[in-house]
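Accompanying notes for the structure given below.
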Amino acid sequence: MKIKFEYKIAVIVALGAFQGAFAQKEDKNIGTEVVNVVKPYTPTISDAFKVKETPVIEDEENTQKENIEYNIFSFPVASTFTPSKGRAAGVEPPKREKLFNNYATLGIGNYGTINAELFVTENLNRNEYVGGMLRHLSSQGGIDGVVLDDQYYNTGIDLTYGNRQQAYSWNADLGYQNQVYNWYGLPLEYTTFTEDVITGIDEQQTYHTLKVGGNVSMEQSIFKDASLQYKRFWDAFDSAENRFILKPSFDVSVLSEKIKLDFVVDYVGTTFAENNIVAEEQKYNYFNIGAQPSILFQRDDFSVNLGAGLFYSMGKVNEESESKFFVYPQVKASYKVVGDLMIAYAGAEGTLKQNSYEEFVSQNPFVSPTLAMAPTDQQYDIYVGLKGKLASNVAYNVRGSYMNEDDRAFFINNGTSAFAGDDLEGYQYGNSFGVIYNKLKTISFFGELKADFSKKVSAGINATYYSYDTDMEEAWNLPDMKVSANIDVDITEKWYAGANLFFVGERKDFISLMDIDPTVDNTQVITLDSYFDINTNVGYRYNERLTGFLKLNNIASQDYEKWSSYPVQGFQFMLGASYKFNF
């Protein structure tokens with residue numbers, strides 16, 4: 001039966017092959033034939049029908065879940081594993097630095113220099129505290145080429161008492177300062193002084209400052225804070241000055257805006273005694289009252305502070321009185337262009353600046369006790385800038401500004417008098433400075449970089465360029481450029497070091513000299529050379545209380561003149577120590 005089936009298959013295959021071969025021999029002309037193409041049926045949406053009922057599943061078994069039970073068949077397993085005891089990771093917390101309330105510092109250097117400081121503070125109870133600070137800096141002089149005494153002393157003491165409460169805090173301050181300077185800057189390069197003249201010069205000047213003041217601040221109150229200070233300043237030539245400053249401040253928030261109102265009450269009365277320059281006593285009195293309202297708007301990355309300064313000044317020079325009213329812009333704005341990486345800021349600010357004898361002495365201790373006094377009208381200071389971060393540890397700030405001032409104070413050399421046979425004061429030999437006032441327009445460009453390379457290394461550099469426009473011949477004793485840089489390094493846990501450098505550009509001064517012959521008048525404009533100064537220090541922390549230090553100043557030993565005919569000390573070193581303690 002199997003064989004017959006195979007025969008049948010073979011016959012069928014043979015017939016198929018014979019038929020294919022016969023078909024190849026047929027005539028290729030198959031003739032014509034009509035073919036009718038019928039388009040297939042294309043359904044439309046109208047032909048469809050919707051299922052209008054939800055089908056019901058009648059299989060009840062599909063709606064029930066079968067309960068499944070799980071059972072664990074446990075049996076004991078013998079184990080020889082014994083876990084070891086856990087140990088904490090070997091991470092040591094940083095040692096907490098102990099803080100001290102008090103310290104004492106003493107340093108001794110060449111030129112007979114002594115620098116001493118003592119700071120003490122103590123909490124009387126939870127709310128009250130007292131503090132005090134004693135400072136002393138002196139030098140016995142010895143500058144090369146100086147023929148007069150160039151020693152100086154500067155000693156001061158400050159005391160404070162404070163009270164801190166939950167709703168307010170206040171403190172009261174009392175201080176005294178004594179300064180001794182010498183007008184040692186004789187213009188030897190421009191004139192000739194005989195030995196008798198030099199011997200007869202009394203070049204010493206003494207300043208005294210007594211100040212009393214206090215501050216008070218409030219929490220959750222419209223009245224924010226206030227400061228009050230009274231200063232009494234006098235010298236060895238019967239010059240005296242009284243100054244009273246009161247600055248209350250109010251602060252309130254309306255909706256999301258912050259409104260602030262600052263007041264300024266500033267009085268200064270200065271008297272210069274009769275001398276060989278002026279025939280009678282000179283009296284200056286200025287009483288300035290100011291109000292500075294402002295409102296702060298903050299919206300996301302943008303903030304603007306809109307304000308104004310309103311000042312009324314009442315002045316009296318000897319017997320002549322004059323009153324003026326001033327209005328100043330006080331507008332500041334900032335915008336975060338790229339988060340904290342780039343912040344654009346701009347502003348226009350002005351104010352009425354009160355000048356005083358005490359402030360002039362702090363800027364230039366070699367002024368004569370014959371100054372003219374007047375406030376400075378700083379009409380506006382318009383500035384724009386960018387600040388932010390170049391990296392997470394590098395910050396920058398660049399700014400350009402244009403300032404316009406009226407009655408700007410300039411220091412200028414007083415010149416000498418015709419001293420042949422005259423009884424002159426110690427500041428009348430071309431070795432002192434006076435003050436003159438004039439208009440000044442200043443264009444300045446400022447740039448700064450600060451970097452914290454690590455927790456142990458930090459550095460910074462900044463530079464400012466100035467361009468002046470004034471009605472006078474020159475902007476007297478104002479530099480055209482200032483540059484400063486610094487670096488601080490913690491070398492080890494015990495050792496640290498630091499260095500700083502500053503550069504000051506050229507300045508102009510006016511010299512009017514009369515030699516022994518009073519008919520000879522040598523009047524000229526001089527240029528004070530630019531200078532730089534490099535200082536460094538190194539310290540060793542013996543323990544948490546005691547630290548030793550070495551300071552080196554003017555390492556390049558530049559004999560530059562900060563003021564005309566006033567060379568500074570050359571290379572200076574100071575060795576000292578600082579001790580921290582608690583009672």
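Below is a table of values for the structure above.
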quantity: Options 206, 192: the member that is within 30 Å of residue 134 (Cβ to Cβ), among the hydroxyl-bearing types (Ser, Thr, Tyr) and surrounded by fewer than 18 Cβ atoms within 10 Å (Cβ to Cβ); calculated: 206
quantity: Criterion violated by residue 163 - all others in (1) in a loop (DSSP other than H, G, I, E, B); (2) over 18 Å from residue 183 (Cα atoms); (3) not aliphatic (A, V, I, L, M) satisfied; calculated: (1)
quantity: Test result for residue 134, among the aliphatic types (A, V, I, L, M), surrounded by 16 or more Cβ atoms within 10 Å (Cβ to Cβ) and either part of a loop (DSSP other than H, G, I, E, B) or under 28 Å from the mean Cα position of the chain (by Cα) (or both); calculated: no
quantity: Among (1) among the β-branched types (Val, Ile, Thr); (2) within 30 Å of residue 103 (Cβ to Cβ); (3) part of a strand (DSSP E or B); (4) more than 26 Å from the chain's Cα centre (by Cα), the one test that residue 555 misses; calculated: (3)
quantity: Some residue of the stretch 289-307 being assigned to a strand (DSSP E or B), touching a Gly at 6+ places or on another chain (Cβ under 9 Å) and of a type in the set (Phe, Trp, Tyr); calculated: no
quantity: Condition check for residue 362: in contact with a strand residue (DSSP E or B) (Cβ under 9 Å, 6 or more places away or on another chain), more than 30 Å from residue 223 (Cα to Cα), surrounded by fewer than 15 Cβ atoms within 10 Å (Cβ to Cβ) and hydroxyl-bearing (Ser, Thr, Tyr); calculated: no
quantity: Qualifying residue in the stretch 427-440 (condition: within 25 Å of the chain's Cα centre (by Cα), of a type outside the set (A, V, I, L, M, F, W, C) and surrounded by fewer than 18 Cβ atoms within 10 Å (Cβ to Cβ)); calculated: no
quantity: Output for the stretch 492-516, where each listed residue is surrounded by fewer than 16 Cβ atoms within 10 Å (Cβ to Cβ), out of contact with any Phe, Trp or Tyr (no Cβ under 9 Å at 6 or more places or on another chain) and closer than 21 Å to residue 447 by Cα; calculated: 506
quantity: Scan of the stretch 121-160 for residues that are of a type in the set (Ser, Thr, Tyr) and farther than 30 Å from residue 200 by Cβ, ordered by number; calculated: 121, 129, 160
quantity: From 158, 196, 150, residue being assigned to a strand (DSSP E or B) and of a type outside the set (A, V, I, L, M, F, W, C); calculated: 158
quantity: Residue match in the stretch 199-209 (condition: part of a helix (DSSP H, G or I) and without any contact (Cβ under 8 Å) to a residue 12 or more places away in the chain); calculated: yes
quantity: Boolean, residue 445 is under 30 Å from residue 193 (Cα atoms), part of a strand (DSSP E or B), modelled with pLDDT of 95 or more and within 27 Å of the chain's Cα centre (by Cα); calculated: no
quantity: Which listed residue, of 221, 253, is of a type in the set (Ser, Thr, Tyr) and in a strand (DSSP E or B); calculated: 253
quantity: Unique residue being at pLDDT below 95 and either surrounded by 16 or more Cβ atoms within 10 Å (Cβ to Cβ) or not in a loop (DSSP other than H, G, I, E, B) (or both) when the list is 489, 538, 525; calculated: 525
quantity: Extreme residue, surrounded by the most Cβ atoms within 10 Å (Cβ to Cβ), among residues of the stretch 327-359 that are touching a residue at least 24 places away in the same chain (Cβ under 8 Å) and charged (D, E, K, R); calculated: 358
quantity: Hits in the stretch 469-482 (condition: surrounded by fewer than 16 Cβ atoms within 10 Å (Cβ to Cβ) and either under 19 Å from the mean Cα position of the chain (by Cα) or assigned to a strand (DSSP E or B) (or both)); calculated: 469, 481
quantity: Residue match in the stretch 493-501 (condition: farther than 30 Å from residue 150 by Cα and either assigned to a loop (DSSP other than H, G, I, E, B) or among the polar types (S, T, N, Q) (or both)); calculated: yes
quantity: Only one of 212, 278, 268, 264 that is surrounded by fewer than 16 Cβ atoms within 10 Å (Cβ to Cβ), assigned to a strand (DSSP E or B) and β-branched (Val, Ile, Thr); calculated: 212
quantity: Enumeration of residues in the stretch 204-236 that are over 28 Å from the mean Cα position of the chain (by Cα) and modelled with pLDDT under 95; calculated: 220, 221, 222
quantity: Residue check, residue 287 on the phi < 0 side of the Ramachandran plot, buried (at least 17 other Cβ atoms within 10 Å of the Cβ) and of a type outside the set (Ser, Thr, Tyr); calculated: yes
quantity: Residue list for the stretch 338-359, filter: closer than 30 Å to residue 272 by Cα and part of a loop (DSSP other than H, G, I, E, B); calculated: 354, 355, 356
quantity: Number of the exception - residue 546 against (1) at pLDDT below 95; (2) over 30 Å from the mean Cα position of the chain (by Cα); calculated: (1)
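The values are calculated or read from the model by the stated rules, or taken from the named source; none is laboratory data. Just so it is clear, the model here is predicted, and its values are computed rather than measured. Cβ sites come from the backbone with ideal geometry, for glycine too, and all protein chains shown count toward neighbours.
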